[in-house]
Amino acid sequence: MENITFKQLRSLNEDQAREMLEAIRWPDGAVCPHCNSTEAYKLTPKAEGKKHVRFGVYKCKSCRKQFTVTVGTIFEGSRIKIADWLMALYLMCSSKKGISAHQLHRTLGVTYKTAWFMAHRIRLAMREAPLSDKLNGVVEVDETYVGGKMRGGKRGRGSENKTPVFALVQRGGQLRAHKVRNVTAGTLKNAIRNNVDKNAVIMSDSFGAYSGLEEEFAGHEVVDHGAGEYVRGDAYTNTLEGWFALLKRGVTGTFHHVSEEHLDRYVDEFAFRYNNRKIEDGQRTVEAIRNAKGKRLYYKNITK
């Protein structure tokens with residue numbers, strides 16, 4: 001299954017939702033999460049010689065263990081209906097500026113606490129594995145500041161109330177972003193070296209931490225925002241500025257407050273939607289479900 005629609009999700013009962021999840025996760029048949037064997041069969045009352053067998057349970061012929069489609073994913077151990085999980089995934093994948101836990105709680109009819117935890121588990125599924133290929137071509141780099149409200153003091157770089165987020169984007173390609181401890185030359189240049197091919201041309205503003213990149217990469221163009229320069233031919237960082245604006249509108253307008261502790265998961269969410277911007281909302285949802293494999297988040301670990 002490559003795509004799903006809101007109309008489909010709205011009409012699903014729980015058994016149909018489970019079948020949809022199975023079709024997305026196992027397009028070629030059930031795969032055992034314990035040993036990765038494809039030799040598995042669905043348990044039925046007749047096969048087991050019992051009157052009742054829980055719907056959706058499989059048994060592996062290789063390791064003889066039982067499992068369901070939720071084992072080994074963000075859904076494992078959850079008492080929330082699969083139909084609600086699928087709807088929450090769709091809403092988060094289709095909301096350009098995100099959807100708040102309060103809105104999920106009202107839409108799905110679950111408690112706020114449940115909706116908040118669901119959203120963080122879905123953000124974990126949205127976290128994309130490090131790509132083996134580095135960014136190439138023309139790559140924009142920049143940093144922004146997210147978090148606490150300003151009450152006087154310095155704005156932007158050097159603000160004590162905000163958390164820096166560093167991002168890189170290949171024009172026409174993928175974006176990578178994450179929270180950083182500081183915006184020193186060492187921190188930012190190491191991030192660039194780890195993510196960008198030496199044959200790339202770097203675009204940045206005039207922040208001193210980026211100076212000298214032309215010696216390590218094929219080129220380095222600088223625009224001086226302080227002097228009112230934002231575009232000079234192909235030299236600009238407007239792609240990242242647009243993504244940063246979307247991230248900040250989500251933080252201030254949708255979530256209202258994001259703690260430094262959880263910031264990276266919100267960044268992952270916005271990066272995932274950007275990197276899958278060329279596909280439909282339902283396809284993006286399917287991609288997030290496929291990314292849910294091998295990821296588990298415990299409530300106790302994010303509420304310490």
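The values are calculated or read from the model by the stated rules, or taken from the named source; none is laboratory data. Source: prediction; values computed, not measured. Every residue, glycine as well, gets a Cβ built from its backbone with ideal geometry; the counts of neighbours run over all protein chains shown.
Numbers below:
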{"item": "Selection status of ALA88, crowded, with 19+ Cβ neighbours inside 10 Å, closer than 23 Å to TYR299 by Cα and among the aliphatic types (A, V, I, L, M)", "result": "yes"}
{"item": "Unmet requirement for GLU260, which otherwise passes all of (1) touching a Lys or Arg at 6+ places or on another chain (Cβ under 9 Å); (2) among the charged types (D, E, K, R); (3) surrounded by 14 or more Cβ atoms within 10 Å (Cβ to Cβ); (4) farther than 30 Å from THR5 by Cα", "result": "(3)"}
{"item": "Inter-residue pairs, beta-carbon under 8 Å, first farther than 16 Å from ALA200 by Cα and in segment 220-245, second assigned to a helix (DSSP H, G or I), 6+ apart", "result": "TYR230/ASN238; VAL231/ASN238; TRP243/PHE270; TRP243/TYR274"}
{"item": "Subset of segment 7-41 [outside any loop (DSSP other than H, G, I, E, B) and exposed (fewer than 13 other Cβ atoms within 10 Å of the Cβ)]", "result": "LYS7, ARG10, ASP15, TYR41"}
{"item": "Pairs where the first residue, in segment 109-133, is on the phi < 0 side of the Ramachandran plot and in contact (Cβ under 8 Å) with a residue 60 or more places away in the chain and the second is of a type in the set (Phe, Trp, Tyr) and surrounded by 18 or more Cβ atoms within 10 Å (Cβ to Cβ), C-beta under 7 Å, 6+ apart", "result": "ARG123/TYR266; MET126/PHE272; GLU128/PHE272"}
{"item": "Enumerated strands (runs of 3 or more DSSP E) restricted to segment 156-208, each holding at least 1 residues that are within 20 Å of THR252 (Cβ to Cβ) and either touching a strand residue (DSSP E or B) at 6+ places or on another chain (Cβ under 8 Å) or touching a residue at least 60 places away in the same chain (Cβ under 8 Å) (or both)", "result": "162-170, 175-179"}
{"item": "Unmet criterion (only one of (1) part of a helix (DSSP H, G or I); (2) modelled with pLDDT under 95; (3) not aromatic (Phe, Trp, Tyr)) for GLU229", "result": "(1)"}
{"item": "Whichever residue in segment 91-128 is hydroxyl-bearing (Ser, Thr, Tyr) and in a helix (DSSP H, G or I) and, among such residues, is surrounded by the most Cβ atoms within 10 Å (Cβ to Cβ)", "result": "THR114"}
{"item": "Inter-residue pairs, beta-carbon under 6 Å, first at negative phi and in segment 15-31, second in a helix (DSSP H, G or I), 6+ apart", "result": "ALA17/ILE82; ALA17/ALA83; ALA17/LEU86; ARG18/ILE82; LEU21/ILE82; ILE24/VAL286; ILE24/ILE289"}
{"item": "So VAL146, is it at negative phi, modelled with pLDDT of 95 or more and of a type outside the set (Phe, Trp, Tyr)", "result": "no"}
